[in-house]
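Everything below concerns the one structure shown next.
The values are calculated or read from the model by the stated rules, or taken from the named source; none is laboratory data. Since this is a predicted model, take the numbers as computed values, not measurements. Note that each Cβ is placed from the backbone with ideal geometry, even for glycine, and that neighbours are counted across all protein chains shown. Heads up: the accessible areas ignore ligands, DNA and RNA and are worked out on the full protein's heavy atoms, side chains in. Shrake-Rupley method; radii C 1.70, N 1.55, O 1.52, S 1.80 Å.
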Amino acid sequence: MKFRKITIALLLIVLGTTCAYAAKKKQPRYIRLHKLTAEQTALVEKAIAREKVVIKNIKERTPLVETYIQDTRPDVKLYMVPVQDYYTLSRVDFGKVFTDKMYEPRSAKTKGKGEKGGKLGWFKGSLDAITNLTKILGLEKFTYSPQGFMQMMFIDPSGFDNQHYSFSYVRREFLGSVRTIVVDVRPKVGGPGRFTGRVWIEDQDGNVVRFNGTYTGAGKVDSGKYYFHFDSWRLNVQPNVWLPVTIYVEETERSEQHKSVGLKAQTRFWGYSLTLPTRDSENVTVKVDEAVDQSGESEDVGPLESQRRWITQAENNVLDRLVEAGLLAPPSDFDKNLEQIVTNLAVPSNLEFTDPVHCRIMLTDTIEATTVGNTIIISKGLIDTMPNEESFASIISLELAHIVMGHHIDTRYAFNDRLLFPDESTFQRINMYHNDHDNAEAVKKAMDLLNASMYKDKMPNAGLYYAQLAERGKVLKQLNVPKLGDSMLKADGTPWLSDLAHQAPKLNPDDLTQIAAFPLGSWLKTDPWDDRVHMLNARRYAPMNARDKMPFEVTPVFYKLLRYDVTKLGPGYAPAADSTPPPADGATPAAQQAAPPATTPDSTTPSAAPTSTPATTPQATDPNTPSS
């Protein structure tokens, strides 16, 4: 009898466990939190329809796509530190990417060589760009969506609808001045590449302006091996046209060749208004805008002036070509800040130029600079990571020295036909870097200019930047591979301006008043439609610990969105205040709200960091930023 009771009890336990397991198995994997109201359902239906419009708009564009990836590892003091990096820059024809049929690669695959014989960088075709990202991420050995990072532009380019997804209301939320509803999205059916995450839908026309999550794998396979978590943002670049602008990717841990490493990456899009370059012919038209009418001049031109005008003609041709290729930003108010620093360097050394020296911004994140005639070109990445005015002065002095010493661009570009080539050949066909001999000469002259200038007592601050660049340059090699100009580091990894680095105090992460370099994206934003650069109108915060410094690192992005204003002709966003880096030299936030200033030549107490107030900066008149 006792044995029978024990047997019955065991059977009841097994039966209860089986029933509980069966009930648990019947439960949905994702529990719907809030059922959509009729109004919310209608907005989701709009979003589904608008996604098709977004895909159509993107397929008509051939923007530049820049992806910069940093592998990371845990660090006790700094939380995560970069250990390796990868970089790609592409002009992508999306009309040949998101289709059912795989497109054929383009026949011309050009590669440029730098001074050390390595890859200098190049525009890739659509398939090359995607394939290269796949290899960089170590994913080619997996069976996964071949679109890779590019797919993160879309929630689901082929199946975002009620048949494939369920929607759950979360809350209402403002992103800047744009009111949105936040909805959780889950796939109803399996299959690789289905999105799972959260979307933000603006409440007027139903455009998805942000989505955050990942894609699912195939069957029981761990999707983490195939897809990464990402945060994808879109901007209102034209009336009722929202297009991707930035994708941030982060994985704190992933398995790669038996090593546990993390990953941070940003993909940036710009040049949406660029037209499709001619690929079957090299007869690409170069447009020269804003030509100067000189018909009223009656004086004769002497030999020296003729030579200088010849150089200027080559300079103008190259600058126009770079703008057309989407590499160079059109002239901006920010350029004037840099040009004031040119004056601050030129006046004390009694430098006189036949033509004014101008500054322009190259739109890539790579750390590089060069000169084209009397124009100094500095990359966005170099500008974004410099923390103070004396750092800007140091790089401008180096490029100004090249101009003073006659290290001008090859005058063969004075013949316009030499610039008739497809955009993807720009890196190979325009030679803008200086050789080691010219750089060594320019360094000596640059030090003379700095020592005679108002910045001479602040050189240790500038030296910190180059010390930090050399330290991080040991692992961030791709960031320091120039695309068009000169690297700030020599072949052995030491800075060209090593004299400044030697003057700097020792790098000390725990010294919160010592800001050697900023993270990427700290000063400028790029209009993805017309490539114009604007200064961030963002609040600065002093670092609270060593982890807040993040020199040369990729960081998350947050945008304060605006709707496109036809009267102001501006893009629909302004960067969020909490997405910017800490101020330089431990200054208070109020003293750190503007961009690199340009202190006038007669100033006697130059600031160690940008100190202009917002009312005096170019951003104050930027139509893309909401007024306070």
note = Out of (1) crowded, with 23+ Cβ neighbours inside 10 Å; (2) modelled with pLDDT of 95 or more; (3) hydrophobic (A, V, I, L, M, F, W, C), the one V443 does not meet is (1)
request  = Sort out which residues of segment 38-80 are touching an Asp or Glu at 6+ places or on another chain (Cβ under 8 Å) and within 22 Å of G381 (Cα to Cα), and write them in order of number.
outcome  = E66, Y68, I69, Q70, D71
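Every residue in segment 193-230 that is part of a loop (DSSP other than H, G, I, E, B) and either within 30 Å of Y564 (Cβ to Cβ) or at pLDDT 95 or above (or both), please. Before you say what the answer is, go through the steps one by one.
First pass over segment 193-230, keeping only residues part of a loop (DSSP other than H, G, I, E, B): 193-194, 203-207, 216-222, 226-229.
Listed by number, the residues that qualify are D203, Q204, D205, G206, N207, H229.
Would you point out which residue out of A325, A314, A329 is modelled with pLDDT under 80 and either of a type in the set (A, V, I, L, M) or open to solvent by less than 20 Å² (accessible area, probe 1.4 Å) (or both)?
Details: A325 fails: modelled with pLDDT under 80; A329 fails: modelled with pLDDT under 80.
Every option except A314 fails the conditions.
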inquiry  = Could you list, ordered by first residue, the pairs with Cβ atoms under 9 Å in which the first is in segment 461-476 and within 23 Å of K264 (Cα to Cα) and the second is among the aromatic types (F, W, Y) and open to solvent by less than 10 Å² (accessible area, probe 1.4 Å), at least 6 apart or interchain?
reply    = Q468/F552; L469/F552; R472/F552; G473/F552; L476/F552
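Rundown of residues vs (1) modelled with pLDDT under 95; (2) out of contact with any Phe, Trp or Tyr (no Cβ under 9 Å at 6 or more places or on another chain); (3) open to solvent by 50 Å² or more (accessible area, probe 1.4 Å); (4) part of a loop (DSSP other than H, G, I, E, B), yes/no style:
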position	(1), (2), (3), (4)
S453	no, yes, no, yes
Y466	no, no, no, no
V475	no, yes, no, yes
K483	yes, no, no, yes
A491	yes, yes, yes, yes
Qualifying positions in segment 341-364 - open to solvent by 50 Å² or more (accessible area, probe 1.4 Å) and in contact (Cβ under 8 Å) with a residue 12 or more places away in the chain = T343, V347, P348, F353, T354, D355, P356, H358
ask   = Among the residues of segment 506-516, is there at least one that is surrounded by 15 or more Cβ atoms within 10 Å (Cβ to Cβ) and either assigned to a strand (DSSP E or B) or touching a Phe, Trp or Tyr at 6+ places or on another chain (Cβ under 9 Å) (or both)?
value = yes
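One line per residue, one yes/no per condition, for (1) part of a helix (DSSP H, G or I); (2) touching a Ser or Thr at 6+ places or on another chain (Cβ under 9 Å):
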residue: E339; (1), (2): yes, no
residue: L345; (1), (2): yes, yes
residue: P348; (1), (2): no, yes
residue: I361; (1), (2): no, yes
residue: T364; (1), (2): no, yes
residue: I377; (1), (2): no, yes
residue: F392; (1), (2): yes, no
residue: I396; (1), (2): yes, no
residue: E399; (1), (2): yes, yes
key: M432 being hydrophobic (A, V, I, L, M, F, W, C), modelled with pLDDT of 95 or more and not in a helix (DSSP H, G or I)   = no
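Might you check whether a residue that is outside any helix (DSSP H, G or I), without any contact (Cβ under 8 Å) to a residue 60 or more places away in the chain and not small (G, A, S) occurs anywhere in segment 307-326?
In the first step, residues of segment 307-326 are kept if they are outside any helix (DSSP H, G or I); the result is 325-326.
Still in the list and also without any contact (Cβ under 8 Å) to a residue 60 or more places away in the chain: none.
So far as segment 307-326 goes, no, none of its residues is outside any helix (DSSP H, G or I), without any contact (Cβ under 8 Å) to a residue 60 or more places away in the chain and not small (G, A, S).
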request  = Tell me which of these V533 doesn't satisfy, since it passes every other one: (1) out of contact with any Asp or Glu (no Cβ under 7 Å at 6 or more places or on another chain); (2) open to solvent by 10 Å² or more (accessible area, probe 1.4 Å); (3) more than 17 Å from I396 (Cα to Cα).
outcome  = (2)
task = Look through T62, T67 and report the one residue that is modelled with pLDDT under 85, open to solvent by less than 10 Å² (accessible area, probe 1.4 Å) and not hydrophobic (A, V, I, L, M, F, W, C).
result = T62
